[in-house]
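What follows is one structure encoded as structure tokens, with my remarks underneath.
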Number of protein chains: 2
Amino acid sequence: MIIGIDIGGTSTKLGLVDQGKVVARKSLPTTGHASADAFADALADAVGQLTTDNEPPTGIGIGAPNANQLTGIIEMAPNLPWKHDVQLARMLELRTGIPAVLGNDANAAALGEWRYGAGKGCKDLLMVTLGTGVGSGFIVNDQLVLGSHGNAGELGHTTIVIDGRDCTCGRKGCLEAYVSIRGLRQTYSELDGDPEVLKEEGVLCIAKAAQQGDTAALQTFRHAARWLAVGLANAVAVTGPERIVLFGGIARNGELLMAPLRERFRQSLLNIYHGRVDLVASALPDNDAAILGAAALTTL
Amino acid sequence: MIIGIDIGGTSTKLGLVDQGKVVARKSLPTTGHASADAFADALADAVGQLTTDNEPPTGIGIGAPNANQLTGIIEMAPNLPWKHDVQLARMLELRTGIPAVLGNDANAAALGEWRYGAGKGCKDLLMVTLGTGVGSGFIVNDQLVLGSHGNAGELGHTTIVIDGRDCTCGRKGCLEAYVSIRGLRQTYSELDGDPEVLKEEGVLCIAKAAQQGDTAALQTFRHAARWLAVGLANAVAVTGPERIVLFGGIARNGELLMAPLRERFRQSLLNIYHGRVDLVASALPDNDAAILGAAALTTL
């Protein structure tokens, strides 16, 4: 029995994981707590409610944005309430008595796919999440790539267009600026898409317009496929994964992205990789993927 | 005692390596042999001449372009005489009775820097060779990154400019098309450099012109620094190395490349990597680096 905790910008979800399945769930708001300590108190309470004294969990895995696995610290995450470093793994251990591991949410998702999902059995794997941001996690030689300071695996912040679009990281031309939700909305806008469509938030509105034959919306997905294909092909040239798993809302819009992406990806690959890299969508249940991934952090 | 063999397009160099030093050397032409078998015969002869019966070598490491370490085969290398797959490791084992390992020349160079050179002691390392081509080798978690099919580490063939310059690989916009010798010569030409300068082969002619104040030549190195900085920063975002070692003729031209590169590299890095990645030139003696690297293949 392992506890998996996924800390998001607005809500935190946790679950009790037994042999790769989420058998019980809880959630609490991430925001609105007086301090990081108060949040840790609430989180420890929720953990207690998920567990019984008969069978206490052997570990807690926590996935969070800007979390550094090597230090166990959430480092000044721009999308979380605390503007300072938070030693959340240690804070939770002290409150629950259960060993806790903290890791980057994208790395957690990669581990989840690798242990329980579409990446099972791959010695070399790449997982990419397409959402508000573009996250990634790399498995190389059956190990998660953390890098010398614990912050490797930032494919979303590789430069895809020199002097290109402004990115939230302060630099220009990052993959994230083109294929995140914000990126797709910007592309649709630049293609003179219908402003009415963009009144709805997120990317589902563009997907719906595309399904109704909106030319700018269809083009938006084709452009995204082209940029993403280059980013993925560049990653393949570095670590040579046998499979790439795509995860998140944008990848979930059926064939709108996947059909042009498969075509562009094949064109973008160096010939020695042709036919050697699978490109698949996540196979994990939406609601459980992040929890399973966080739980997988404890199995490293 | 290990034998290191570096197979180049025109000549093959081999050396006897004792505790990280090349203590004896031989060379033979790569071209002009009747067949791959005849070449293997000549190579086995040269190995015999380097060794004594008193202290036979314990292994042979062979670095070659397009060599696949997982299969022990040189796969249709465009710059080598044989237009078919050559099982060189096995061919040499049969002739010498010494266990032989074949590996990609760039991976060999990375191992050489890691075991004996500027990358010693790094858990996570990137080595980039700048020459006729742009090769690279990645060390992650104290292991060489081979990828699922043995062909990882091709930073030279990551796309740096979408729809950019034609590359010898048949694709467009690869880093190699911008920062190899050919790339620098093309940049100098595009900047309306002096055609007289380019009558000399290689890149030393442009370096000499730059040292004499030739504006196009100086700009050529600044442009190369900018493209290379983006390529290196992208690699850092993926594997998070603590050090990058640059190797080869272009990197050796003193500060012409390194000064603008350090500046551009800092600007290109995502903020979480600032101050966390060393950028250094190779510390291995020019003539021995490839032999030491090939020898290091046997220590995997």
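A short reminder: the numbers here are calculations on the coordinates, not readings from a lab. This is a predicted model, so every value here is computed, not measured. Positions of Cβ are backbone-derived with ideal geometry, glycine not excepted, and every protein chain shown enters the neighbour counts.
A few points about this structure:
- From phi via Karplus (6.51, -1.76, 1.60), per-residue ³J(HN,Hα) for region A:160-177 in Hz, x at Gly/Pro: 10, 9, 4, 6, x, 4, 5, 10, 5, 7, x, 9, 10, x, 5, 3, 4, 5
- Here the Karplus curve 6.51 cos²θ - 1.76 cosθ + 1.60, taken at θ = phi - 60°, turns the phi angles of region B:53-58 into couplings of 5, 5, 9, x, x, 8 Hz, with x standing for Gly and Pro.
- Selection from A:Cys169, A:Thr159, A:Gly147 lying farthest towards where the dipole of chain A points positive, charges on Cβ: A:Thr159
- Given charges at beta-carbon only (K, R positive; D, E negative), |dipole| of chain A in Debye: 580 debye
- Under 26 Å of direct C-alpha separation, and excluding same-chain neighbours fewer than eight residues apart, B:Lys208 reaches these lysines: B:Lys199.
- Here the protein assembly as shown is assigned +1 on the Cβ of each Lys and Arg and -1 on the Cβ of each Asp and Glu. Its dipole about the Cα centre then comes out at about 260 debye.
- The alpha-carbon of B:Lys21 sits under 17 angstrom from the alpha-carbons of these aspartates and glutamates, leaving out residues fewer than 8 places away in its chain: B:Asp6, B:Glu55, B:Glu113, B:Asp286, B:Asp288.
- Within chain A, helix-based [θ] at 222 nm, where runs of 4 or more DSSP H residues each add -39,500 (n - 2.57), nearest 500: -11500 deg cm²/dmol
- Reachable lysines, given that their alpha-carbon falls under 18 Å from the alpha-carbon of A:Lys26 and they are not under 8 places away in the same chain: A:Lys13
- Of all DSSP beta bridges confined to the protein assembly as shown, the antiparallel ones make up roughly 60%.
- Largest GNM mean-square fluctuation among B:Gln49, B:Gln186, B:Gln87, using chain B with Cα springs under 10 Å: B:Gln49.
- Ordering B:Arg95, B:Arg90 by the number of other Cβ atoms within 10 Å of each residue's own Cβ, fewest first, gives B:Arg90, B:Arg95.
- Taking the charge dipole of the protein assembly as shown about its Cα centre, with +1 at Lys and Arg Cβ atoms and -1 at Asp and Glu Cβ atoms, the residue from B:Thr239, B:Leu218, A:Thr52 reaching farthest to the positive side is B:Leu218.
- Fewest-first ordering of A:Leu261, B:Leu28 by other beta carbons within 10 Å of each residue's beta carbon gives B:Leu28, A:Leu261.
- Environment charge of B:Leu130, counting only residues whose C-beta is closer than 14 Å and scoring Lys/Arg +1, Asp/Glu -1: -1
- Relative contact order, percent, chain A [alpha-carbon distance under 8 Å, six or more residues apart]: 21 percent
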